[in-house]
1. Restricting attention to the stretch 95-106, does a residue exist that is more than 10 Å from the ligand (Cβ to nearest atom), part of a helix (DSSP H, G or I), closer than 25 Å to L17 by Cα and of a type in the set (A, V, I, L, M)?
2. Between a first residue in the stretch 16-42 that is outside the structural domain of A312 (by TED's automatic domain parsing) and a second residue that is near the ligand (Cβ under 8 Å from one of its atoms) and in a loop (DSSP other than H, G, I, E, B), which pairs have beta carbons less than 7 Å apart while being 6 or more apart in sequence or on different chains?
3. Which residue out of L65, L73 is in a loop (DSSP other than H, G, I, E, B), buried (at least 18 other Cβ atoms within 10 Å of the Cβ) and more than 10 Å from the ligand (Cβ to nearest atom)?
4. On the given criteria, is E282 in the same structural domain as L80 (by TED's automatic domain parsing), surrounded by fewer than 20 Cβ atoms within 10 Å (Cβ to Cβ) and modelled with pLDDT of 95 or more?
5. Given the options A43, A55, name the one that is more than 14 Å from the ligand (Cβ to nearest atom), at pLDDT 95 or above and out of contact with any Ser or Thr (no Cβ under 8 Å at 6 or more places or on another chain).
6. Here is a check on your reading of the model: is L139 touching a residue at least 40 places away in the same chain (Cβ under 8 Å), away from the ligand (no atom under 13 Å from the Cβ) and either touching a strand residue (DSSP E or B) at 6+ places or on another chain (Cβ under 9 Å) or not assigned by TED's automatic domain parsing to the domain that holds A43 (or both)?
7. Only one of F144, F165 is within 12 Å of the ligand (Cβ to nearest atom), of a type in the set (F, W, Y) and more than 20 Å from I48 (Cβ to Cβ). Can you tell me which?
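The values are calculated or read from the model by the stated rules, or taken from the named source; none is laboratory data. What you are looking at is a predicted structure, and each value in this text was computed from that prediction instead of being measured. Note: ideal-geometry Cβ built from the backbone for every residue, glycine included; neighbour counts use all protein chains shown.
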Amino acid sequence: MDEKKVMLSGIQPSGDLHLGNYLGAIRNWGARAEEFDCYYFMADMHTITVRQEPAALRRRTLEQLAQYIACGLDPEKNTLFIQSHVHQHAELGWVLNCYTMFGELSRMTQFKDKAAKHAENINGGLFTYPALMAADILLYQPDFVPVGDDQKQHVELTRDVAQRFNGIYGDVFKVPEPYIPKTGARIMSLNAPDTKMSKSIPEGCVFLMEKPEDIQRKFKRAITDSDTENCVRFDPAGKPGVANLMAIYSAVTGKTYDEIQAEFAGMGYGKFKPAVGDAVVEALRPIREEAARIMADKAYLESVYRAGAEKASYVAEKTLRKVYKKIGFVAR
Ligand code: TYM
């Protein structure tokens with residue numbers, strides 16, 4: 001019998017999940033459970049590269065799990081776990097640090113951005129973080145890593161590190177492909193369409209658990225373009241604000257850009273913006289309600305993350321042993 005292909009991804013519980021995380025990543029995960037063996041985790045170890053408030057980190061990690069399940073990731077069909085519960089991540093992370101070059105790490109856009117934002121805390125972990133991310137991935141020998149556009153560079157570095165390691169020791173790691181969605185891979189901030197949507201600009205960011213009226217308000221205030229045309233037309237260079245709203249609307253409704261243009265022909269931005277808000281509210285409503293219900297059941301959440309860590313650990317250990325043997329560590 002053919003082995004199933006493997007998919008893996010993670011999100012940092014450094015903030016509440018937002019529409020960018022959902023459209024760029026999670027939405028692409030759920031539908032695949034029959035076809036793939038799937039691993040999704042809360043990347044808590046990555047979050048401490050920036051200072052976190054401990055109680056908030058703990059709460060957000062569990063909320064993120066509840067939201068994964070509410071987004072359609074059935075724990076019976078997907079392995080859902082907390083990164084720090086699977087010690088092999090830290091262990092392989094160290095090994096891969098020694099096979100990742102200073103020059104490669106220096107070129108990472110996310111490092112440059114975060115170092116600029118947190119100038120008072122440019123720690124070693126922030127710099128070597130992509131080696132831990134490579135370990136997160138390579139431990140599970142995945143075929144595909146579904147991420148948004150901003151993580152592509154890290155997945156490409158993972159491929160380079162895997163190929164370098166395999167070149168020295170033989171075929172230890174499967175070399176994975178990034179899997180980037182056609183629409184939604186880069187959702188921009190609603191009030192600054194030249195910046196990607198992220199929790200650091202809350203007014204331009206729509207959170208999955210946000211109240212419908214707050215979501216509506218953010219869409220009504222979304223920056224459209226200062227052209228005089230006032231017409232819904234897909235032109236990312238000339239009309240980035242409108243193009244972003246069209247991408248969001250397309251991603252949540254499944255409509256093409258031509259269909260959207262036809263739907264709003266002659267209506268202007270004043271009609272378009274609340275319509276996008278409505279579509280997003282309706283897409284998120286079932287997720288929000290289900291996540292709140294799951295979050296109230298702490299025993300269930302615990303049973304999910306325990307079972308997930310056990311399964312993940314079993315798979316991760318097989319890869320780690322192989323690596324330790326290849327590099328010459330004495331077997332325990
Ligand atoms: P993180 O936590 O920043 O983001 C999680 C996922 O959401 C996507 N994303 C977006 N997609 C579209 N538009 C946006 N505005 C937007 N903002 C975020 C990201 O591309 C990502 O897919 N290092 C990773 C977490 C991680 C990981 C891994 C991912 C750790 N280990 C192993 C995959 C495999 C990160 O910081 O993503």
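1. So the first thing to find is which residues in the stretch 95-106 are more than 10 Å from the ligand (Cβ to nearest atom), and the list is 95-106.
Right, trim to part of a helix (DSSP H, G or I) and you get 95-97, 102-106.
Still in the running and closer than 25 Å to L17 by Cα: none.
No, there is no match, as no residue in the stretch 95-106 is more than 10 Å from the ligand (Cβ to nearest atom), part of a helix (DSSP H, G or I), closer than 25 Å to L17 by Cα and of a type in the set (A, V, I, L, M).
2. none
3. Working: L65 fails: in a loop (DSSP other than H, G, I, E, B).
Only one candidate qualifies: L73.
4. Working: in the same structural domain as L80 (by TED's automatic domain parsing): no; surrounded by fewer than 20 Cβ atoms within 10 Å (Cβ to Cβ): yes; modelled with pLDDT of 95 or more: yes.
Answer is no for this residue.
5. Values: A43 fails: more than 14 Å from the ligand (Cβ to nearest atom).
The unique qualifying residue is A55.
6. Here the answer is no, as L139 does not meet what is asked.
7. Details: F165 fails: within 12 Å of the ligand (Cβ to nearest atom).
Unique residue meeting the criteria: F144.
Every residue, every condition in (1) on the phi < 0 side of the Ramachandran plot; (2) assigned by TED's automatic domain parsing to the domain that holds Q151; (3) away from the ligand (no atom under 11 Å from the Cβ), yes or no:
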position	(1), (2), (3)
I180	yes, yes, no
T195	yes, no, no
P212	yes, no, yes
I215	yes, no, yes
